[in-house]
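Trainee: First the structure, which I've put down as structure tokens, then a few questions once you've had a look.
The values are calculated or read from the model by the stated rules, or taken from the named source; none is laboratory data. Keep in mind that this is a model prediction, so the values were computed, not measured. Cβ placement follows ideal geometry from the backbone for every residue including glycine, while neighbour counts extend to all protein chains displayed. For accessibility, only protein heavy atoms count, side chains too; no ligands or nucleic acids. Shrake-Rupley method; radii C 1.70, N 1.55, O 1.52, S 1.80 Å.
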Amino acid sequence: MNKPTTAEVKAGNPLIAWFTPQISLARVAVFRVFIYLFVIVDVLTISADVIPHGWTPGLYQPLWLARFLHIPPVSVLAAQILLAAIIVFSLMAAAGILQRLSGWLVSITFGLWMFYTQGYGYVAHDHMALVVAVVVLPTVGLARFQDVGTTSAKAGWALRVVQISVVLTYFYSVVMKWIASGNITHWANGAVIIWALMRRGAEWSKPFLEMPGLLIAGQWATLVFEFLSPIVLFLKGRWLDGAVIVFMLFHLMTYIALGIHFLPTVICWAAFLPLEKLIPKRFTASA
């Protein structure tokens, strides 16, 4: 009896087929540029506190995985070297130079940077999808802009994992709200948005402090919005495009009102889009 091929196994197992869709390698090539260039932006701006942390090693509170791996506090010099390594390796990976090797080097160095930036009392869940993206991208292997017509299950798996990480960022937020409040209705009926507007709200948003009923309705809407986020994984076509736009508008609104941008997650929403359409035809024709 002949051993079934990979395609036959996928055809007979809808779950495997869903986790490993055939995706254009060119889509991964474009997504890789977005992710690796954003990693540089992130370490220079959003998570730029690692070098200052080197002056206060006594305040280091390693995460569970950092404790398991016995990662020590970072020094100022080590943080500076780590920053330089992340920038160099990210530029190499974005340019497609030694794709697999440079990708793994980014995942190691950026992962270490995340341990240090989030090991001082605050864990920012907006980086979860970004960290997952830099870990899974090297598993795809060679992916070029010319490979628009070449599909790969490895590419599909990598982007699917990133997609799952994106929506779980919102779903887990509901779970943590539930755990922290003890009763999800306590959070929804509380003064969370009122407190946020008082602490960091823009001037134009301050009149909403006089409308507690509207703000509570907004909190309930946020819970429903986040709880239903996994539905995006099963949308296609215009429905998927519309869902991505809704989430982008949500983040735009929170940034304008509260100054919360969530950019590390926002950039990973690109995993849902047909990025290969951004490639000029002259690149694909050269193949």
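Trainee: Counting only the backbone N, which residues of region 46-77 are under 20 Å from the spot 7 Å out from the Cα of residue 108 toward its beta-carbon?
Mentor: Within reach of a label on residue 108: 65-75, 77.
Trainee: Right, here's the next one. May I ask for the net charge around residue 265, where only other residues with Cβ less than 13 Å from the Cβ of residue 265 are counted and Lys, Arg are +1 while Asp, Glu are -1?
Mentor: Around residue 265, the surrounding residues sum to -3.
Trainee: Over 5 Å intervals from 0, what percent of Cα-Cα pairs in region 187-287 sits in each interval?
Mentor: Reading the bins upward from 0: 2, 10, 17, 19, 16, 12, 9, 6, 3, 2, 2, 1, 0.
Trainee: Rounding to the nearest 10 and keeping the result within 0 to 90°, find how far the Cα-based axis of helix 25-41 lies from the longest principal axis of the chain.
Mentor: 40 degrees
Trainee: Could I ask something else about it? Using a 1.4 Å probe on the protein heavy atoms, what percent of the accessible area of region 41-137 belongs to carbon and sulfur?
Mentor: 76 percent
Trainee: Let me ask something else. Counting heavy atoms of the protein chains only and a 1.4 Å probe, report the per residue accessible area for region 189-287 as a whole number of Å².
Mentor: 62 Å²
Trainee: Where in region 188-241 are there trypsin sites (Lys or Arg not before Pro) that are in a DSSP coil and have at most 11 other Cβ atoms within 10 angstrom of their Cβ?
Mentor: Loop-located and lightly packed - 236.
Trainee: In vacuo Debye scattering of region 165-232, one point per C-alpha: log10 I(q)/I(0) at q = 0.18, 0.20 Å⁻¹?
Mentor: -0.72, -0.85
Trainee: When volume of the Cα convex hull per residue in Å³ is calculated directly from the model, which label among [x] 157; [y] 183; [z] 143 fits?
Mentor: [y]
Trainee: Counting only heavy atoms of protein chains, what accessible area per residue, in Å², does region 80-123 have with a probe of 1.4 Å?
Mentor: 46 Å²
Trainee: Measure nothing fancy, just the Cα-based angle from helix 212-227's long axis to the longest principal axis of the chain, in degrees from 0 to 90, nearest 10.
Mentor: 20 degrees
Trainee: While we're on this one: Given the rule -39500 (n - 2.57) for each run of at least 4 DSSP H residues, summed and divided by the residues of the chain, what is its mean residue ellipticity at 222 nm, to the nearest 500 deg cm²/dmol?
Mentor: Computed mean residue ellipticity for the chain: -19000 deg cm²/dmol.
Trainee: Okay, moving on. So if a site counts as exposed when it's one of the chymotrypsin sites (Phe, Trp or Tyr not before Pro), its DSSP state isn't H, G, I, E or B, and it has at most 16 other Cβ atoms within 10 Å, what's the longest stretch of the chain without one?
Mentor: 123-287
Trainee: Further, regarding this structure: Lysine pairs in the chain with alpha-carbon atoms under 25 Å apart, 8 or more places apart or on different chains: how many are there?
Mentor: 9
Trainee: Now for a separate question. Give me the percent of Cα-Cα pairs in region 104-234 that sit more than 26 Å apart, rounded to a whole number.
Mentor: Cα-Cα pairs of region 104-234 separated by over 26 Å account for 44 percent.
Trainee: Expressed as an acute angle from 0 to 90° and rounded to the nearest 10, what is the orientation of the C-alpha long axis of helix 153-181 relative to the principal long axis of the chain?
Mentor: 10 degrees
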